[in-house]
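The values are calculated or read from the model by the stated rules, or taken from the named source; none is laboratory data. What you are looking at is a predicted structure, and each value in this text was computed from that prediction instead of being measured. Note: ideal-geometry Cβ built from the backbone for every residue, glycine included; neighbour counts use all protein chains shown.
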Amino acid sequence: MENNSRRGFMGKAFGAVAAVGAIGSLVAMKKSWDPLPSVKAAGFTTLDMSVYEEGKMVTEKWRGKPIFVLKKSLQLMKEEETNPEAQARNIKIGSDNFMLAIGLCTHLGCIPAFRDDKNDFLCACHGGQFSASGLVTKVPPPRGLDIPPFRIDGNMLVLGEQGPEWKKMKENGVTL
């Protein structure tokens with residue numbers, strides 16, 4: 001009888017150790033699957049839109065990708081008056097209008113260069129061209145430059161959050 005109680009105790013002790021080990025392993029696995037705090041922080045980028053100069057294209061960075069920001073001039077806005085596609089891509093913050101796009105060609109992912117003199121983007125890899133609004137003006141790119149998810153908060157633009165303006169653009173097929 002003493003042998004059975006000893007065997008039962010050893011079985012229960014082994015079971016308890018195994019359970020604690022299994023729980024510890026599951027916790028460690030879950031922690032390894034969670035993104036690092038630095039990765040979570042990189043998910044959102046806040047831009048103060050009041051500092052951008054009219055007609056000057058600036059490249060920002062979000063999630064390791066180039067983001068093109070162009071504060072549109074009145075002349076450019078007049079040129080776009082007859083183009084509903086360009087107007088649909090327009091981002092209005094306060095009294096200013098902006099072009100915002102992920103700076104990767106939709107053909108093969110090259111980074112197009114902004115040409116100040118022509119007010120457009122040229123992808124030198126295969127000759128694709130985009131307007132100052134990010135629309136394709138010369139193929140091979142299959143679509144305009146993609147617009148990253150954003151939310152407008154006063155004069156601030158938060159990249160990585162899906163605000164109502166971006167959701168409307170997505171619903172209307174302006175961006176993917």
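Among the listed residues 122, 135, identify the single one that is surrounded by 14 or more Cβ atoms within 10 Å (Cβ to Cβ) and under 18 Å from residue 174 (Cα atoms). 135 is the lone residue from the list that is surrounded by 14 or more Cβ atoms within 10 Å (Cβ to Cβ) and under 18 Å from residue 174 (Cα atoms). Return the residue satisfying two criteria in turn: it lies in region 136-157 and is out of contact with any Leu (no Cβ under 8 Å at 6 or more places or on another chain) and of a type in the set (A, V, I, L, M, F, W, C), and of such residues it is nearest to residue 51 (Cα to Cα). My answer is 152. For residue 104, the stated conditions do not hold, so it cannot be described as within 15 Å of the chain's Cα centre (by Cα), modelled with pLDDT under 95 and part of a loop (DSSP other than H, G, I, E, B). Is region 147-158 home to any residue that is within 18 Å of the chain's Cα centre (by Cα), surrounded by 17 or more Cβ atoms within 10 Å (Cβ to Cβ), among the charged types (D, E, K, R) and assigned by TED's automatic domain parsing to the domain that holds residue 79? Checking region 147-158: at least one residue is within 18 Å of the chain's Cα centre (by Cα), surrounded by 17 or more Cβ atoms within 10 Å (Cβ to Cβ), among the charged types (D, E, K, R) and assigned by TED's automatic domain parsing to the domain that holds residue 79. Restricting attention to region 99-119, the residues that are surrounded by 15 or more Cβ atoms within 10 Å (Cβ to Cβ) and basic (Lys, Arg) add up to 0. Selection of helices (runs of 4 or more DSSP H) fully inside region 1-101 by the criterion of at least 2 residues being modelled with pLDDT under 90 returns 2-33, 37-41. Considered as a group, the residues in region 48-97 that are surrounded by 14 or more Cβ atoms within 10 Å (Cβ to Cβ) and hydroxyl-bearing (Ser, Thr, Tyr) include one that is farthest from residue 130 (Cα to Cα), and that residue is 52. On inspection, residue 70 qualifies as within 21 Å of residue 123 (Cβ to Cβ), in contact with a helix residue (DSSP H, G or I) (Cβ under 9 Å, 6 or more places away or on another chain), among the hydrophobic types (A, V, I, L, M, F, W, C) and assigned by TED's automatic domain parsing to the domain that holds residue 123. Within region 109-137, residues that are outside the structural domain of residue 147 (by TED's automatic domain parsing) and in contact (Cβ under 8 Å) with a residue 12 or more places away in the chain reach no partner that is surrounded by 15 or more Cβ atoms within 10 Å (Cβ to Cβ) and assigned to a strand (DSSP E or B) with beta carbons closer than 9 Å at six or more positions or on different chains. If only residues of region 74-92 that are polar (S, T, N, Q) and over 25 Å from the mean Cα position of the chain (by Cα) are counted, the one that is nearest to residue 155 (Cα to Cα) is 75.
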